[in-house]
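Working notes, beginning with the structure itself.
The values are calculated or read from the model by the stated rules, or taken from the named source; none is laboratory data. It should be emphasised that the depicted structure is a prediction, and the values quoted were computed from it without experimental measurement. No Cβ is skipped: glycine too gets one built from the backbone with ideal geometry, and neighbour counts run over all protein chains shown.
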Amino acid sequence: MELTKKFLGLILFCTAVIQASAQTDIDAIMMEKNAFCVGPGYAYSSWKNYWEGTKKRENLNLGTVSTQMFAVMGNYGVTKKLNALFNVPYVVTKASVGTLRGQRGMQDLSLMLKYRAINQKIGDSRVALIGLLGGSLPISNYTADLLPLSIGMQSKTAMARLMLDYQYDNKWFATASATYVWRSKVTLDRDSYYTDRFILSNEVDMPNATSYNIRAGYRTQWLIAEAVLNNWTTKGGFDITQNNMPFISNRMNATSLGFNVKYVFKKMPQLSLTGGASQVVAGRNMGQSFSANGAVFYVFNLNKKEKKA
């Protein structure tokens, strides 16, 4: 029974990252040309109960499993239609009880290009269509085969996202997006492993994944307040069986509800604060995680100053 309790913080960290970056790569806001928005962010995620397959269980041997992320995030306006984004996280994991030690270290560098193809005003409304391409790769030699206290998956990823944004009266908005994530194989520090069958290899095929996000609320130049529904689904994998350890290629699905807030200071519009929280409400091979995040951003104007005559 002890092995079945040793489970799953990692994908919850992925959920925390998604929420922490909610004011950058997954909204319809674009930076102006030569504007560079950058700042530190923090995200905290924890869980005590989890789903073993579809069965809800309590984690007794590890207590509360928590993940902290410290990150530097940035967004540069290449043009008013094209933005380049990055995220560099440092991750710390911990279990409140038991003998497993938490891990810490640099995780994966994420890079994205965000392009606004359509930005059309129709009466009192505005419709925008935005596409994103990006990916991530590990930037340290952390151990992926140590769930639930691994800080990452050690899988290189590529992603494509399509986003549709609708705003009415320059205040009320709704944004829907769909994302597909390709994941590379992962190499383990052992020569064999068991999924739903015995495999004599150190390479693991990782299932790809999809993500759907819907957000709606109030958005102006100075304030954003939004409710968020997010779904993450792996396209394959297998369920954790009773009395067995979790594995990095498990099927991991989660649906979460949350909110985000962004405030821009009127006396210093280059400076903004963001924050939010989310709760996993349904899952499969997932911890029932609560996540909270906050960040501070500053916008630098990199336009060259005109020379005086």
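Taking the range 169-184, which residues are of a type in the set (Lys, Arg) and surrounded by fewer than 14 Cβ atoms within 10 Å (Cβ to Cβ)? Correct list: 171 only. Are there strands (runs of 3 or more DSSP E) fully within the range 83-166 with at least 1 residues that are polar (S, T, N, Q) and surrounded by fewer than 17 Cβ atoms within 10 Å (Cβ to Cβ)? List them. The strands (runs of 3 or more DSSP E) meeting that bar are 108-122, 125-138. Taken over the range 79-97, the criterion of being in contact with a Leu (Cβ under 8 Å, 6 or more places away or on another chain), free of Cβ contacts under 8 Å to residues at least 60 places away in the same chain and not polar (S, T, N, Q) is satisfied by 82, 84, 86, 88, 94, 95, 97.
Residues in the range 213-262 that are in contact (Cβ under 8 Å) with a residue 60 or more places away in the chain and aliphatic (A, V, I, L, M) were compared, and the one that is nearest to residue 167 (Cα to Cα) is 224.
Is it true that some residue in the range 187-201 is under 30 Å from residue 261 (Cβ atoms), surrounded by 14 or more Cβ atoms within 10 Å (Cβ to Cβ), touching a residue at least 24 places away in the same chain (Cβ under 8 Å) and not acidic (Asp, Glu)? No, the range 187-201 has no match at all. Among the residues of the range 75-100, those that are closer than 23 Å to residue 144 by Cβ and polar (S, T, N, Q) comprise 87, 93, 96, 99.
Number of residues in the range 249-275 that are within 29 Å of residue 209 (Cα to Cα) and either out of contact with any Leu (no Cβ under 9 Å at 6 or more places or on another chain) or not in a strand (DSSP E or B) (or both): the value is 9.
Here is a yes/no grid of residues against (1) surrounded by fewer than 16 Cβ atoms within 10 Å (Cβ to Cβ); (2) of a type in the set (Ser, Thr, Tyr); (3) in contact with a Pro (Cβ under 6 Å, 6 or more places away or on another chain); (4) modelled with pLDDT under 80:
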residue	(1), (2), (3), (4)
13	no, no, no, yes
18	no, no, no, yes
25	no, no, no, no
36	yes, no, no, no
42	no, yes, no, no
45	no, yes, no, no
52	no, no, no, no
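Quick one: would you say residue 278 is buried (at least 23 other Cβ atoms within 10 Å of the Cβ), of a type in the set (Gly, Ala, Ser) and either in a strand (DSSP E or B) or in contact (Cβ under 8 Å) with a residue 40 or more places away in the chain (or both)? The answer is yes for residue 278.
Beta carbons closer than 8 Å, at least 6 apart along the sequence or on distinct chains, pair a first residue in the range 50-68 that is farther than 21 Å from residue 107 by Cβ with a second that is part of a strand (DSSP E or B) and β-branched (Val, Ile, Thr) for 59/65. Between 137, 146, 109, the distinction of being under 30 Å from residue 64 (Cα atoms) and at pLDDT below 95 belongs to 146 only. Residues that are within 20 Å of residue 234 (Cα to Cα) and of a type outside the set (A, V, I, L, M) were ranked within the range 194-206; the one that is farthest from the chain's Cα centre (by Cα) is 197. Scanning the range 22-60 for residues that are under 19 Å from residue 260 (Cα atoms) and among the β-branched types (Val, Ile, Thr) yields 24, 26, 29, 38.
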